1. Please specify each residue of the stretch 1124-1137 satisfying the condition of being assigned to a strand (DSSP E or B) and either out of contact with any strand residue (DSSP E or B) (no Cβ under 7 Å at 6 or more places or on another chain) or surrounded by 16 or more Cβ atoms within 10 Å (Cβ to Cβ) (or both).
2. Specify which of the listed residues (272, 261, 248) is more than 30 Å from residue 653 (Cβ to Cβ), touching a strand residue (DSSP E or B) at 6+ places or on another chain (Cβ under 6 Å) and in contact (Cβ under 8 Å) with a residue 24 or more places away in the chain.
3. Mind checking which strands (runs of 3 or more DSSP E) fall wholly inside the stretch 252-321 and carry at least 1 residues that are in the same structural domain as residue 1011 (by TED's automatic domain parsing) and at pLDDT below 85?
4. Having 3 or more residues that are modelled with pLDDT under 95 and farther than 30 Å from residue 245 by Cα is the bar; report the helices (runs of 4 or more DSSP H) wholly within the stretch 359-465 that clear it.
5. If you go through the stretch 380-393 one residue at a time, do you hit one that is touching a residue at least 24 places away in the same chain (Cβ under 8 Å) and closer than 24 Å to residue 538 by Cβ?
6. All but one of (1) free of Cβ contacts under 8 Å to residues at least 40 places away in the same chain; (2) surrounded by 17 or more Cβ atoms within 10 Å (Cβ to Cβ); (3) under 30 Å from residue 575 (Cβ atoms) hold for residue 740; which doesn't?
7. Being farther than 30 Å from residue 279 by Cβ and in contact (Cβ under 8 Å) with a residue 12 or more places away in the chain narrows it down to one of 989, 1039, 1003, 1048, so name that one.
8. For the stretch 1093-1123, which positions are assigned to a loop (DSSP other than H, G, I, E, B) and crowded, with 22+ Cβ neighbours inside 10 Å?
């Protein structure tokens, strides 16, 4: 169990349960108001609306309307005859009349009335009363962090005197005496008994009650108690998201839920968002999506459009039993996010901010220009070519490097009016420093207000985030705006209507060339040579004459502006005609509009005299826009009933979805005014006035689903035996009509052994022990057009090979075929779980083992003869198995010095196996049956040959062809590969599983043992958090020039300091001999790439452990802040991504190695921040 899960309930109770507590406590509020005026019996009016002949029924009426509590023995009074007429009575008159008619005595002490049978001969009527002197008591009730607890109950023990705290945690009541005992209670906290001892002011701090906590977890179309869950569901403590200096919620969620894998392989680019996965590899089907369904307040949405301050709770549904209620949209899990809502009481305003400084987390060090030039020459010699950097060029480079010259360019000997290029420049530029800033500021602000009455509650929120990017050569920035409005109105006692609206906008502004010539990360090859200067000798930005060089383009090549607006509307009607039966009608609507303005300007270099020279003659403007519409009506009903030890809940409903998107793009050349990128300010010509044809394009897509669902929950013995049964009947427009509908069932069971009578001797040690098991099947409709529903003919516009009336004709080609057997991709899931609580839940643990089969995925089409005349249709011919475990262990405690601390460890692991795939030859470059996904096949490295003689000896031992299959001209400094199969040669055979030559499985790229470690402590207003996240096992091989430096063409050479550690055996080399080098000798093309085969020596250990966040805060005592009408004032400092432990090569970030060009991406950020959180 998550150690911080109770705090979710605490926060939820402040916002959601508060309204319930108020309704439940109305009687005590009325009692307090009445008792504050404590009247005598002859001053209290009782109105009876009907005659009464039943004494017990009459007493109950009096208790309900006048806040008195009667004490009596039922058998003594149930047969007493009475006849009391309707009308207005004083309490004294009524009790006297009852005394006479029934022969009873009544003794009142404050709000308690004792009833006894009078002895014979006692004078009647007999009514007595005694009123005690009252004491006025007031104060505040707060949580363990000093935050007010609205809706906490304060009641005098053994009386009906009571009240509840207001929205700021304040209360006031009149106790019966100065020695009265007050009982303070609140959902999720230990009840407190306080003896007044003459005090009139109480300021109390409550302690979370882990043992008695009944945590409520959001599940599909409803909620359940955590203790009654039988599926695989995890929740997030939203306090772990607070004050995290991240751009989106997804980044903050990383490592907080076992089995929820969040990757940032695209790096820290401002318009990139993380990708989400639940429980490992989900599908390899062509055109299939394995991402989880993300629902915000029950509606499909983008988690990255939210701000953490607006989130009330997050639940992650992992297995088919938990997510099956959502059908074919959720075969691989669901992330349910509930935003905050209104609560009864005076307005509560919360404001928070965060000011931060972002700096690159992984910044390679560039190679100096002299070492680079020597490396290029060495690679040329090793390729059998001459030196590219002649001695005079080397001398100029060294003079500039050592400060004897400041210029970095010479005129081109062949064209003296222009600067020399390629090997002529002699600067010393670290292009990583040029491209990326040392740091950039960012800030965000959020404000919310909630409040309302018992009938109408509201929540309003607004937030703004501005983040400056890390680009140094140009600039990039990001802005996001969010607004939320929620209203809940109780129309009648049985009808409630809710409205929720969200609007947001994000803007990204970046250089055009960031996405054009950029992949800039790739072009840090030739275009990032350290010999190339940023400025020419006259101080102008300079780049080589090729249009794919980036300096001038980044600075003045145009801008790319992206804007996205999202609007969500949700209306929900809840009816409760009778107790236990609810009917829900819900309509969700979403509109997402995107607009992109991308323009490219004519680029100019400068010649030796400073005159402009065109290097890119065409300018253009491209504008694109899109709109996404999504409509989702849901109607469902729920009935729950308890009878004896049994509890039954039944849910039945229907869900419909309609999605459509439309995209349009227009591009036109000839930008007339360079800084006004508008389509009607373009000429449609190039720089010389030649007409160019505009480009126009567009698409439209739509799909729809319908589903009917039911869920039955059964509970026997208050959580002892649990069962859940789900059915989902789904249809989707993605499939052919005869394959469109399918039924998907699931069930789960639970047994809480700790509820058994035989467990009582152990309950103080192991107070919770629940076994869970589930099974379910779901379909996957998240597919692309590999599921055609109609035979279509590809159409070409004006692409015919002949002319008609002087114009090329439109064409249509042979239609494709559709497989008659094409159907659903299905997901079959098994889950076995164990939940434990020990030592009154100070130690909690959850363990899950799962198996998931993804069946009938779309794989490669079977091979058929060419005479078919069209593409072979794809079929459902691929199956996958994924299995693994999740572990969540937590410990929390409080010491005698009031120090509270907690430790939580999360661990997840999964592996995947291909069960079926159409690869009859077993080709190693494709999936194949029996394969463990992520296998890395490679050669076993003996080492780098130190001498020519050592290499010759190695090759002489390979009598059947040596290493010729991998390359030629083997010499000192080259790799010696092991003849693993002993056939006298080094090769990969047929590159199949049965004939793989000297290849073997040397590693696996699947991330294994995902780890999250949370540490927390609170003491006297101070709070501390630390969060580690990592991957404990992963192999990685990178074959790009970003790793090797010299790889492939000379023009793709990358110059990072680590690349200088290459083999050198020339004693006269300026950099000296380096026989114990990491890299083999450099060479261009095949001469060098022969050393770069996948192999054991350069297999990387990509495991890592990163300190994702550390935070220190202080909450000022409420006694000091309440004078300024502030109920909570917290100030904090935080640091993100500040420490990483890894053995990975230093040019790589372990979180982004799968992205960019060879693992080179926009860097993630190391962030230092601070801010405040204030509640009024």
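1. Scanning the stretch 1124-1137 gives 1128, 1129, 1130, 1132, 1134, 1135, 1136, 1137.
2. Answer to the selection: 261.
3. Passing ranges: none, list empty.
4. none
5. yes
6. Only one criterion is unmet by residue 740, namely (3).
7. 1048
8. 1102
The values are calculated or read from the model by the stated rules, or taken from the named source; none is laboratory data. Just so we're clear, the structure is a prediction, and the values are computed from it rather than from any experiment. Don't worry about glycine lacking a Cβ; one is built from the backbone with ideal geometry, like all the others, and counts go over all protein chains shown.
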